[in-house]
1. Given the structure, is SER299 surrounded by 16 or more Cβ atoms within 10 Å (Cβ to Cβ) and either small (Gly, Ala, Ser) or not assigned by TED's automatic domain parsing to the domain that holds PHE148 (or both)?
2. Using the structure shown, decide if LEU4 is outside any helix (DSSP H, G or I), of a type in the set (A, V, I, L, M) and within 30 Å of LYS215 (Cα to Cα).
3. Looking for something in a helix (DSSP H, G or I), closer than 20 Å to THR130 by Cα, modelled with pLDDT under 95 and assigned by TED's automatic domain parsing to the domain that holds ILE165 - is there at least one such residue anywhere in the stretch 12-22?
4. Restricting the first residue to the stretch 1-15 and requiring it to be touching a residue at least 40 places away in the same chain (Cβ under 8 Å), which pairs with a second residue that is buried (at least 18 other Cβ atoms within 10 Å of the Cβ) and aromatic (Phe, Trp, Tyr) meet a Cβ separation below 8 Å and a spacing of at least six or different chains?
5. With the structure loaded, tell me whether PHE260 is in contact with an Asp or Glu (Cβ under 6 Å, 6 or more places away or on another chain), in a loop (DSSP other than H, G, I, E, B) and buried (at least 18 other Cβ atoms within 10 Å of the Cβ) or whether it fails that test.
6. Identify, from the list SER134, SER229, the residue that is in a helix (DSSP H, G or I), among the small types (Gly, Ala, Ser) and closer than 27 Å to ILE54 by Cβ.
7. Just need a number here: residues in the stretch 275-329 that are within 19 Å of ILE186 (Cα to Cα) and free of Cβ contacts under 8 Å to residues at least 24 places away in the same chain.
8. Give the stretch 169-205 a look and list any residue that's crowded, with 19+ Cβ neighbours inside 10 Å and either without any contact (Cβ under 8 Å) to a residue 24 or more places away in the chain or closer than 24 Å to LEU5 by Cβ (or both), or say none.
Amino acid sequence: MKKLLVKTDSSTYPVIIGTEIFNNLNKVIIKENLYKNVFAIVDGNVLGLYKRKIELVLRNYSDKVSIYSLKPGESSKSYKIINDIYSHLMNDNFGRDTIIIAIGGGVTGDIAGFVASTFMRGVQLLHIPTTLISDVDSAIGGKTGFNFNGRKNIIGTFYQPQMVITDTDFLNTLPRRELTSGLGEIFKYSFLIDVDFYKTVLKILPEFKNLKTAKIENLIFKSVNFKSSVVAADEKESGIREILNFGHTFAHAFESELNFRIKHGEAVIMGIISGLFLSNRVGLFNKQKLDKFLEMFESVKLPTKLKKCNTANLYKIMAHDKKNRAGKIKFVLLQDIGNIVTDIEIGKSDVQRAITSAQKFIS
């Protein structure tokens, strides 16, 4: 079991990573001064697989437990669902002494986090991520939100949890496609952290499906450790935290264009590939280095629908990205491993050509 602390201006909280942690939830959180009135928001797929276990563990912790089953997928990131959750909280007489426990992937965490940050002006929040992508990224850092008018996470808050518990046992039932999706954020961190981590990720790719738990925990720990250091320096994304958006301006455009019918991590992989081509086009590194970086993705299978997206539509979507300033699209690009440049404005034709190159690459 590994443990680290996320320290921000607003709070400090532990992230615990290991196996069989959820079974011992009561023992793990007993020192954290958390409330006993539990409202759990659980991904419907996770609840289908682990319903008995979740009910047993939560009722062992508390006498007041309500479980809300969240329909899987981006369609749940809507105000309609949030309003329904508020109604359940009020109908079940939950007050300010409530802890909302998010059990699921990024969608569950985003929704639960938003609800926790706004219900009664803020109640306690505990993240229990169950997907690789939420293990390494979305459960850390306090971003919450939901989609509106086809735009991803356009409404949201920054709200840190009291604790994050990452039990890698949940990964045992994760479909292969979800594992690939989780690789998206790991790929991102391989370019952000350093050459050693990049080489580690590259080396384990052929055996990733059969990785031993210890190696997966190590990938999660290093990714979370890096993200926590960035969040500590810039909690609300006003500076250095922007580097975590490498590939994401493209990724969110692909997600929106495809009406969220792809996994977030798949979009992130496509976004990183597009970002690499764009970085090369604007002269941040040469063709030889581009070819070397692209080796990372040669064995990754992405949905064919990504290569059919219209580049003009994608650019139009990017023009409305929430990270834009003064109506200008701001890109996060790569100069080298561990060397990211931010707030780069690029011409429309270069952006569209980079996307076209990425689409040809995945073919």
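The values are calculated or read from the model by the stated rules, or taken from the named source; none is laboratory data. Just so you know, these numbers come straight off a predicted model, no measurement behind them. Glycine also receives a Cβ, built like all others from the backbone with ideal geometry; neighbour counts cover every protein chain displayed.
1. Working: surrounded by 16 or more Cβ atoms within 10 Å (Cβ to Cβ): no; either small (Gly, Ala, Ser) or not assigned by TED's automatic domain parsing to the domain that holds PHE148 (or both): yes.
Answer is no for this residue.
2. Working: outside any helix (DSSP H, G or I): yes; of a type in the set (A, V, I, L, M): yes; within 30 Å of LYS215 (Cα to Cα): yes.
The answer is yes for LEU4.
3. Going through the stretch 12-22, the residues in a helix (DSSP H, G or I) turn out to be 22.
Narrowing the set further to residues that are closer than 20 Å to THR130 by Cα leaves 22.
Now restrict to residues that are modelled with pLDDT under 95: none.
No: the stretch 12-22 contains no residue that is in a helix (DSSP H, G or I), closer than 20 Å to THR130 by Cα, modelled with pLDDT under 95 and assigned by TED's automatic domain parsing to the domain that holds ILE165.
4. If the second residue must be buried (at least 18 other Cβ atoms within 10 Å of the Cβ) and aromatic (Phe, Trp, Tyr), the pairs left are LYS2/PHE221; LEU4/PHE221; LEU5/TYR13; VAL6/TYR13.
5. Numbers: in contact with an Asp or Glu (Cβ under 6 Å, 6 or more places away or on another chain): yes; in a loop (DSSP other than H, G, I, E, B): yes; buried (at least 18 other Cβ atoms within 10 Å of the Cβ): yes.
In short, yes.
6. Numbers: SER229 fails: closer than 27 Å to ILE54 by Cβ.
Exactly one residue qualifies, and that residue is SER134.
7. Final tally of qualifying residues: 3.
8. Result: PHE170, LEU171, GLY182, GLU185, ILE186, LYS188, TYR189, SER190, LEU192, ILE193, PHE197.
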